[in-house]
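Only one structure is covered here, and it is reproduced in the block below.
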Amino acid sequence: MLALKYTRLSSIAIIVLKKKITFEKNTIETMKKLSIGILFLLFSINYQVFAQISGQANFNRIAFYNVENFFDIYPDTVLGYNQFTPNGDHHWNKNRYATKKNHIYKVIAALGGWQGVSIMGFAEIENRSILEDLTQKTPLKKEHYKIVHFESHDHRGIDVGLIYRPDRFKVLHAHKIPVIDSNDTNFHTRDILYVKGLLQGDTLNIFVNHWPSRYGGLMRTIPKRKLAAHVLKKIIDSVFHQNKMANILVMGDFNDRPDDESIQILERGASPFRLYPLTYKTLFNLSQGSLKHKTEWAVFDQILVSDALKRGRQKLQISNNSFIIFDAAFLLEKDEKYQGMTTDRTYKGFTYHGGFSDHLPVYVDIVKSISR
């Protein structure tokens with residue numbers, strides 16, 4: 001009876017929220033007045049009840065977020081890329097940095113619900129100190145997040161990184177995987193981050209990616225993303241060689257769509273020696289992808305998994321064989337130029353906009369396999 005009561009409460013709350021959002025789609029400033037706390041509460045109740053009914057109350061949420069140029073304010077004496085400093089082109093300062101840090105904290109809090117986020121990968125962070133400030137100088141401090149980060153040779157100095165709760169995930173090994181073009185010594189991009197650890201008593205292999213962008217033209221940059229795909233594929237094949245039933249989760253901003261050739265490279269091979277794409281769902285139906293360029297939404301931020309993780313052949317399994325695009329109203333705004341909705345960005349060109357990011361975060365829930 002108690003579960004039924006909360007189920008009705010949750011359903012009514014979500015219906016009311018969706019109707020309110022639909023009714024106010026064209027009044028984005030009013031939508032933003034929906035507090036993050038309310039979103040957090042409604043989403044948490046809904047998921048908790050679902051988890052209890054399905055017998056999957058013990059789950060771990062794993063997320064990824066391209067946070068759009070999360071730099072500190074200090075000059076980079078190594079690379080010389082200093083646009084995000086007080087004297088740089090973007091006039092980046094302490095107040096803007098603090099706003100950015102708090103924005104990201106709020107996203108993690110809202111996305112995590114009651115359980116919180118167990119593991120979260122990031123793209124476009126400048127260094128380790130960024131993640132230290134995020135996890136130690138916000139209310140996230142009480143969760144005691146640990147950090148995995150390595151400096152890369154990206155020409156702007158942005159890296160990928162990962163935070164995790166040590167009470168849920170135990171890191172066994174981590175290293176960076178450079179993406180090197182032997183025919184182009186001037187090519188520098190983000191490394192791929194590999195983290196191997198124990199989640200709910202079973203080994204989980206995580207790869208965090210931020211593949212080369214489309215800047216400079218789509219056709220000219222396709223080979224760079226295919227290069228990153230082949231580098232990743234080689235490492236994944238080595239993991240499968242050691243254990244064909246390996247739990248593998250690949251997440252990141254791939255700067256390509258699910259049906260592009262670079263992603264297809266990861267899906268090649270006979271079962272179980274391949275990766276499987278997860279279908280995506282938007283949580284609030286306010287977007288049609290994880291980022292928007294002019295009139296077009298795209299899903300560049302994706303999650304792929306191994307057969308063992310998809311089908312629950314070991315102790316772990318992806319819930320509902322899908323990943324969620326977290327398109328909460330406070331991350332979006334009215335698109336004044338191209339109509340509809342768009343992401344609430346930190347910058348529009350060189351103009352400070354004060355928003356969250358040009359990407360939406362994505363996540364999956366991993367539960368105990370029902371077959372075990």
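For the reader, a short list of remarks on this structure follows.
- Full-extension gain in nm, Asn243 to Asp184, via 0.36 nm per residue minus C-alpha separation: 17.8 nm
- Modelled spin labels at Leu218 and His91, positioned 7 Å past Cα toward Cβ, are 3.6 nm from each other.
- With the simple spin-label model, which puts each label point 7 Å out from Cα in the Cβ direction, the Phe350 to Phe150 separation comes to 3.6 nm.
- C-alpha center-to-center spacing [the stretch 66-99, the stretch 143-214] in angstrom: 22 Å
- Stretchable slack from Tyr74 to Arg268, in nm (0.36 nm times residue separation minus alpha-carbon distance): 65.5 nm
FYI, it's all coordinate maths here, none of it is from the lab. All of these numbers come straight from a predicted model, not from anything done at the bench. All Cβ positions, glycine included, derive from the backbone under ideal geometry; neighbour counts span all protein chains shown.
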